[in-house]
1. Exactly one of these conditions fails for residue 136: (1) in contact (Cβ under 8 Å) with a residue 60 or more places away in the chain; (2) surrounded by fewer than 12 Cβ atoms within 10 Å (Cβ to Cβ). Give me its number.
2. Please go through the stretch 197-209 and pick out each residue that is closer than 13 Å to residue 452 by Cα and part of a helix (DSSP H, G or I).
3. With 262, 276, 251, 256 as the choices, which residue is more than 29 Å from residue 479 (Cβ to Cβ), modelled with pLDDT of 90 or more and within 19 Å of the chain's Cα centre (by Cα)?
4. Looking at (1) within 22 Å of residue 280 (Cα to Cα); (2) touching a residue at least 40 places away in the same chain (Cβ under 8 Å); (3) in a loop (DSSP other than H, G, I, E, B), can you tell me which one residue 186 breaks?
5. Going by what's in this entry, would residue 336 be described as at pLDDT below 90 and either assigned to a strand (DSSP E or B) or touching a strand residue (DSSP E or B) at 6+ places or on another chain (Cβ under 6 Å) (or both)?
6. Could you list all residues from the stretch 290-312 that are part of a loop (DSSP other than H, G, I, E, B) and modelled with pLDDT of 85 or more?
7. From the list 141, 169, which residue is in a loop (DSSP other than H, G, I, E, B) and over 30 Å from residue 34 (Cα atoms)?
8. Only one of 103, 120 is loosely packed, with under 11 Cβ neighbours inside 10 Å, at pLDDT 75 or above and assigned by TED's automatic domain parsing to the domain that holds residue 83; which?
């Protein structure tokens, strides 16, 4: 007589390979005792619950397909709990008429008695699953009310505190000092308007520094699992309420946590120390979730003047490029010039540092807005709620057509956009404030990220680059100064910085700046002056 073709099915909820291996070994021993052949081994349902649906891609689904293809005669498992925990799965085996054998005993699903026995066992198992889930839900509610996060992957910036090491309050998160420095730096950069791609680049390159100018360290070049920083990773981190010690509510639907769906007003205060303030978190989330924000960072600038400086022939922003010598340079997109960029960058930075070192530099710093942030937040919530109620009216009757509801919502949406813009301005960081008044302005400038330097440049001045002609070389800062023009957006020196070039020019005030602005760039054409007039303010 031909030996039966036996299949081993091993499953467990926890991802522990050793447990699966023990199940396979026990089943193999039983099959050998009965003289059957091991035809298939289904053991990849590791970390899979038998009480949850198992689709065709799981080993359970593949086993059913093989039974339908008449490739198996008997299914062997350690016990029924390893095989199934629901009447539905039992029905799948019953209707196929396959023999089921467990280490604890046989089940003849073809007989009435065997089916009844299996049904009772499956019912008991299902009862245990539901009772366990009920207890877990009650425990989770108690845990949540106390502000404790669930077990699992710990948020970057924190470390999990095991039960034996917790305080009387039962705090489960403790701050990881090195990672927390990275988190604070990310939030500061985001509030200053840095693109996600630029944040990733500085972390991956190891050039990021904290507020004191100290490097964040080699360990910060990668995420905790050793991967390079990516924009989606940084975005997910910056949206997380955990950093402000807020425990998010369960998101309805798929059960998958998504930071952009979290309502901060519905979060529970967490029983752990915050890394950033709630205001910082709100400001960052508001900026990242702004629909007008560019959704990718592949074009983040890598050089100081690219996209900021203008060609003095056509007024088009210059682009970064590589010269024939393979060095960093700038070119006019319309072909008017290609120039080496290092000295141009150095001179532009020297001009900025010199201006920010002047006694009146504090006048350049944007004053803190006298904004009622709490009032704006309340108005934002009220407008959002009113809009939601208006949208529900659409289609409820002849009076509330889609067009009618949209017209009713338009002024509310306009006011909501204005409120959110005011909130964004109120929480934005003025980069100049971290440089002006520093004991060493040049050192403070050097600690700024590239994006922050570019932001200061765009606020204070416009660099205009002309062609320099064949045979002429720029070998020093003096040469660079004579080979470009600078138009100030705010009071400053005319083409100023190096003493040998400034001719002792006096500082300009807001009043006389408007009168002399047209004289700052004497070599420009009328067309270029017109183009700059729209930029200078």
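The values are calculated or read from the model by the stated rules, or taken from the named source; none is laboratory data. No experiment lies behind these values; they were computed from the predicted model shown. Reconstructed Cβ throughout: ideal geometry from the backbone, glycine too, with neighbour counts over all protein chains shown.
1. (1)
2. Scanning the stretch 197-209 gives 198, 199, 202.
3. Details: 262 fails: modelled with pLDDT of 90 or more; 251 fails: modelled with pLDDT of 90 or more; 256 fails: modelled with pLDDT of 90 or more.
It is 276.
4. (3)
5. Details: at pLDDT below 90: yes; either assigned to a strand (DSSP E or B) or touching a strand residue (DSSP E or B) at 6+ places or on another chain (Cβ under 6 Å) (or both): yes.
Judged against the criteria, residue 336 is a match.
6. Start the filter on the stretch 290-312 by keeping residues that are part of a loop (DSSP other than H, G, I, E, B), which leaves 290-309, 312.
Across the stretch 290-312, the qualifying residues are 303, 304, 305, 306, 307, 308, 309.
7. Numbers: 141 fails: in a loop (DSSP other than H, G, I, E, B).
Just a single option satisfies the conditions, and that option is 169.
8. Numbers: 103 fails: loosely packed, with under 11 Cβ neighbours inside 10 Å.
After applying the criteria, what remains is 120.
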